[in-house]
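Visitor: Got a structure here, written out as structure tokens. Questions coming.
The values are calculated or read from the model by the stated rules, or taken from the named source; none is laboratory data. Quantities reported herein were computed from a predicted structural model and do not represent experimental measurements. Note that each Cβ is placed from the backbone with ideal geometry, even for glycine, and that neighbours are counted across all protein chains shown.
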Amino acid sequence: MSGKTNSKVKLIETAVDLVRMSSYTDVGVNEICEKAGVTKGAFYHHFKSKAALYAEAAAYKKENEGKVLQSLLSDRHDAMKKLNNMIGYIYYKGFQSTETSEQKVSGCPFFTAGAINSQNDELIREASMDYVDHEVSHWELVITSLAEANLIEPPQDARQLARMIYQYANGVLTYSRIFDDERTMREDLETGIYRFLNIKKN
């Protein structure tokens, strides 16, 4: 990996980490550069603005998460395994360790930043919409698999149900972040999603 490429990846990964444990608004270019060990000159060589960095970070995360989810939701797993893999992955995303804070529950930085800043910056809005749509598509895949396996009633609108579950999951992450409550996040994620799908827990 070249130095220029390496500095760009460092900036992206550092931005994701800092925004996860703080917020897009609170994290500045200076802080990102200092944490990444990259000069401001290097920052502006790669990105025109903090919003441009956010957009590339969202795309970077979407690509990496897509590879993981492709494995977790592959056809070698049955429908219930796909569902539980997806719930487990959402839990993992909300409880990733980070060097920037002692806080346990982090939530999804792109959902939060998009909700807060998307009306003020079109670049953030488009990047957030693309990221969210990607995750909703994976929930739709899970729902379709469950319906095809006759484990749930086929929904009239699988996309809408996928959106609702995604919204619920991120609501749980936000609530759990406020209280820094990993146990609530773990229990409410599974219980609530099972209720949305009308599946009884064993």
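Visitor: Look through region 120-134, keep the residues that are in contact with a helix residue (DSSP H, G or I) (Cβ under 6 Å, 6 or more places away or on another chain) and not aromatic (Phe, Trp, Tyr), and return whichever of them is farthest from VAL68 (Cα to Cα).
Guide: ASP121
Visitor: Determine, yes or no, whether ASN150 is at pLDDT 85 or above and polar (S, T, N, Q).
Guide: yes
Visitor: Something else: Tell me, yes or no, whether region 90-112 has at least one residue that is assigned to a loop (DSSP other than H, G, I, E, B), at pLDDT below 95, closer than 18 Å to ARG163 by Cα and not polar (S, T, N, Q).
Guide: Within region 90-112 (the criterion being assigned to a loop (DSSP other than H, G, I, E, B), at pLDDT below 95, closer than 18 Å to ARG163 by Cα and not polar (S, T, N, Q)), the answer is yes, since at least one residue qualifies.
Visitor: Additional query: So how many residues does region 152-202 have that are among the β-branched types (Val, Ile, Thr) and under 21 Å from LYS82 (Cβ atoms)?
Guide: So the answer is 6.
Visitor: Follow-up. Identify all residues within region 184-202 that are modelled with pLDDT under 90 and either aliphatic (A, V, I, L, M) or not in a helix (DSSP H, G or I) (or both); write none if there are none.
Guide: Selection gives MET185, LYS200, LYS201, ASN202.
Visitor: Limited to region 168-197, what total is found for residues that are crowded, with 20+ Cβ neighbours inside 10 Å and among the charged types (D, E, K, R)?
Guide: Residues that pass the stated criteria total 1.
Visitor: To continue, here is another question. Could you list, ordered by first residue, the pairs with Cβ atoms under 8 Å in which the first is in region 120-139 and within 9 Å of ALA55 (Cβ to Cβ) and at pLDDT below 90 and the second is surrounded by 18 or more Cβ atoms within 10 Å (Cβ to Cβ) and among the polar types (S, T, N, Q), at least 6 apart or interchain?
Guide: Going by the 8 Å Cβ cut-off, the qualifying pairs are ILE124/ASN117.
Visitor: Mind listing whichever residues of region 44-84 are aromatic (Phe, Trp, Tyr) and assigned to a helix (DSSP H, G or I)?
Guide: TYR44, TYR54, TYR60
Visitor: Scanning region 23-45 for residues that are crowded, with 16+ Cβ neighbours inside 10 Å and modelled with pLDDT under 85, which turns out farthest from SER176 (Cα to Cα)?
Guide: VAL27
Visitor: Okay, next question. Return the only residue of ILE165, ILE152 being surrounded by 14 or more Cβ atoms within 10 Å (Cβ to Cβ), more than 11 Å from GLY94 (Cα to Cα) and touching a Phe, Trp or Tyr at 6+ places or on another chain (Cβ under 7 Å).
Guide: ILE165
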